[in-house]
Amino acid sequence: MSDTFCPIPWNFQAIRSNGDLRVCCQANLSQGQGVLRHKNGQPFNAERDNLEDARNSSLLKQVRRNMLQGTWSETCTRCRQEESSGLNSRRVYENERWPLTLEEAKEWTDENGSIQQEKLPVVFYDLRFGNLCNLKCRMCGPTDSSAWYEDWVQLHGSNIFTDTSGPIAINEYKGRFKTSAYDWHLSDSFWQQIEKNLSNIQHIYMAGGEPLLIRRHYDFLQACIDRGFSKKISLEYNTNLTKLPEKVLHLWSDFKSVYVGASIDGLESIFEYQRFPAKWSEVLQNIYLLNQQPQNILSWFAYTITAYNIFHLTEFMMWKLSESGLNNINRTRKRPIITPHIAHNPKHLNIRVLPDPLKQLVVKRFDKFNTWIDSGDFNKDIRDQAQAITKSVLNYIQSESYYDDYWNEFCDYTKKLDNIRKQNLVESIPEFRGYIQNGSV
């Protein structure tokens, strides 16, 4: 197996929240964010374009050629960085998930990187259903959440933000802020193309925004059931778990399997600070409801690690293991505690932005946690994952510093957003006391 090979460019199709097609979500860290473009530079977009045409775009052809030659593409920067820090990158787990081998990929790939699409149909879709969301998480923005619009205008003094499709204007009408730039998933043409490929689909990943707020997706699930394909299709969601309607639980029961990544990355005030305006008590009820679901539903905590919640990563893991009573969430041997993801962007919220004394506090917290794990009655899988998480995160935070370049931006952004949302960083996360007042240590 090549050290750079990944099945994604051969069997997969990814759509951003604005409808633009891209190599995969990890490519967001790269220049151009992995967006697939026509020869004239215009992005391929699910609302107006033929999805099949995008599969042999120039960028995908180049990525395939590089992988077959064992070379890293700039588009794959995030996976390369994560693997160099000892993290389990998407490239690694997609190779574990899909049986496509390097030799098979070579067989159905032309010299210029084009693939024979009839031999390699799309079996895996990554669909970001616009930006409709009820939360405005601090590491997100208006490209990811419609709830962010008003705060964006106040934070930046402008109603314009930029996405891969160009500048987007936020319009105010009768006190409400909105834009139609993320309504691509209402396109009949898109759904017709997806439903035409139902016989080949094995896995669909859905996110947003918040995917459980998208009404049209429920119609699609029903179409999979009605046409007899649901039993061979696995669904996967990234959800903030503020909503878990009975309707979706009923539909899920007809599918081969359902994977639910719950974006829960802190307890109580930590969670509410990072994922404003979520209420921990309400989300906790849905966590326990999710924990009670049948075995075809496999769920996990997708813990997004930022400069805000890094100090409480180990506290959350201790709660999960010793207090929560959650035996069905993160129940696999490979991921028995949580499923962590480092927020690489925005850079001013990346954990590398922290000053050295705070990084040393992280080290102490991790050491204390590892001692707790070693002295506890935990099985080998839990011990191994605990060690892997703490080691890889420490490798990442210590391998490079963003402090000189982004710390003042972290302080300025945090104080302005606190003022807008009537929150207080130090009250929610006391570890920052003495560091945030003047924007410098």
Subset of region 176-205 (residues that are part of a loop (DSSP other than H, G, I, E, B), open to solvent by 50 Å² or more (accessible area, probe 1.4 Å) and farther than 23 Å from SER145 by Cα):
SER199, ASN200, GLN202
Residues being assigned to a helix (DSSP H, G or I) and over 30 Å from LYS39 (Cβ atoms) - total across region 56-109
10
Among (1) more than 17 Å from the chain's Cα centre (by Cα); (2) assigned to a loop (DSSP other than H, G, I, E, B), which single condition is GLU52 missing?
(2)
Kindly provide the set of residues from region 250-278 that are surrounded by fewer than 16 Cβ atoms within 10 Å (Cβ to Cβ) and of a type in the set (A, V, I, L, M), ordered by number.
none
Restricting attention to region 136-157, report how many residues are open to solvent by less than 40 Å² (accessible area, probe 1.4 Å) and over 21 Å from LYS347 (Cα atoms).
2
Please find, within region 320-340, the residue that is farthest from TRP300 (Cα to Cα) out of those that are surrounded by fewer than 17 Cβ atoms within 10 Å (Cβ to Cβ) and of a type outside the set (D, E, K, R).
SER322
Suppose we keep only residues that are of a type in the set (S, T, N, Q) and open to solvent by 30 Å² or more (accessible area, probe 1.4 Å) within region 33-64. Which one would you say is modelled with the lowest pLDDT?
GLN33
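Quick check on region 164-175: of everything there that is of a type in the set (Gly, Ala, Ser) and either in a strand (DSSP E or B) or touching a Ser or Thr at 6+ places or on another chain (Cβ under 6 Å) (or both), which residue is modelled with the lowest pLDDT? Before the answer, list the steps.
Initially, region 164-175 is screened for residues of a type in the set (Gly, Ala, Ser), giving 165-166, 169, 175.
Narrowing the set further to residues that are either in a strand (DSSP E or B) or touching a Ser or Thr at 6+ places or on another chain (Cβ under 6 Å) (or both) leaves 166, 169.
On the way: GLY166: 88, ALA169: 95.
The selected residue is GLY166.
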Taking THR162 as the residue in question, decide whether it is open to solvent by 40 Å² or more (accessible area, probe 1.4 Å) and touching a strand residue (DSSP E or B) at 6+ places or on another chain (Cβ under 8 Å).
yes
Filter result for SER281 (without any contact (Cβ under 8 Å) to a residue 24 or more places away in the chain, open to solvent by 10 Å² or more (accessible area, probe 1.4 Å) and farther than 26 Å from HIS185 by Cβ)
yes
When every residue in region 237-249 that is among the hydroxyl-bearing types (Ser, Thr, Tyr) and either open to solvent by less than 30 Å² (accessible area, probe 1.4 Å) or assigned to a helix (DSSP H, G or I) (or both) is compared, the one nearest to ASP219 (Cα to Cα) is TYR237
Please determine whether any residue of region 366-374 is without any contact (Cβ under 8 Å) to a residue 40 or more places away in the chain, surrounded by 18 or more Cβ atoms within 10 Å (Cβ to Cβ) and among the β-branched types (Val, Ile, Thr).
yes
Name the pairs whose Cβ atoms lie under 6 Å apart, with the first residue in region 201-223 and without any contact (Cβ under 8 Å) to a residue 12 or more places away in the chain and on the phi < 0 side of the Ramachandran plot, the second β-branched (Val, Ile, Thr) and assigned to a helix (DSSP H, G or I), and 6 or more positions between them or separate chains?
none
When the residues of region 127-163 are filtered to those that are part of a loop (DSSP other than H, G, I, E, B) and among the hydroxyl-bearing types (Ser, Thr, Tyr), which remaining residue is nearest to ALA181 (Cα to Cα)?
THR143
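Out of everything in region 115-132 that is out of contact with any strand residue (DSSP E or B) (no Cβ under 6 Å at 6 or more places or on another chain) and surrounded by 22 or more Cβ atoms within 10 Å (Cβ to Cβ), what residue ends up being farthest from ALA46 (Cα to Cα)? Spell out the reasoning first.
Step one: list which residues in region 115-132 are out of contact with any strand residue (DSSP E or B) (no Cβ under 6 Å at 6 or more places or on another chain), which gives 116-121, 123, 129-132.
Filter once more, so that each one left must be surrounded by 22 or more Cβ atoms within 10 Å (Cβ to Cβ): 129-131.
Working: PHE129: 11, GLY130: 11, ASN131: 15 Å.
Within region 115-132, the match that is farthest from ALA46 (Cα to Cα) is ASN131.
Would you mind listing the helices (runs of 4 or more DSSP H) fully within region 255-367 where at least 1 residues are in contact with a helix residue (DSSP H, G or I) (Cβ under 7 Å, 6 or more places away or on another chain), modelled with pLDDT of 95 or more and among the charged types (D, E, K, R)? It would help to see each step written out before you state the result.
Numbers: elements: 268-274, 280-291, 313-322.
Once the helices (runs of 4 or more DSSP H) in region 255-367 are filtered for at least 1 residues that are in contact with a helix residue (DSSP H, G or I) (Cβ under 7 Å, 6 or more places away or on another chain), modelled with pLDDT of 95 or more and among the charged types (D, E, K, R), what remains is 268-274.
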Which listed residue is over 24 Å from ALA388 (Cα atoms) and either in contact (Cβ under 8 Å) with a residue 24 or more places away in the chain or of a type in the set (Phe, Trp, Tyr) (or both), from SER85, SER89, SER114:
SER114
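Give me a count of the residues in region 424-441 that are in a loop (DSSP other than H, G, I, E, B) and either modelled with pLDDT under 90 or in contact with a Lys or Arg (Cβ under 9 Å, 6 or more places away or on another chain) (or both).
At the first step, the residues of region 424-441 found to be in a loop (DSSP other than H, G, I, E, B) are 424, 429, 433-441.
From the residues that got through so far, the ones that are either modelled with pLDDT under 90 or in contact with a Lys or Arg (Cβ under 9 Å, 6 or more places away or on another chain) (or both) too are 436-441.
Counting residues in region 424-441 that are in a loop (DSSP other than H, G, I, E, B) and either modelled with pLDDT under 90 or in contact with a Lys or Arg (Cβ under 9 Å, 6 or more places away or on another chain) (or both) gives 6.
The values are calculated or read from the model by the stated rules, or taken from the named source; none is laboratory data. As the structure is a computational prediction, the values presented were derived from the model and not from experiment. Here the Cβ is made from the backbone with ideal geometry for all residues, glycine too, and neighbour counts use every protein chain on show. Each accessible area value is taken on the protein alone, full model and side chains, heavy atoms only, with ligands, DNA and RNA left out. Shrake-Rupley method; radii C 1.70, N 1.55, O 1.52, S 1.80 Å.
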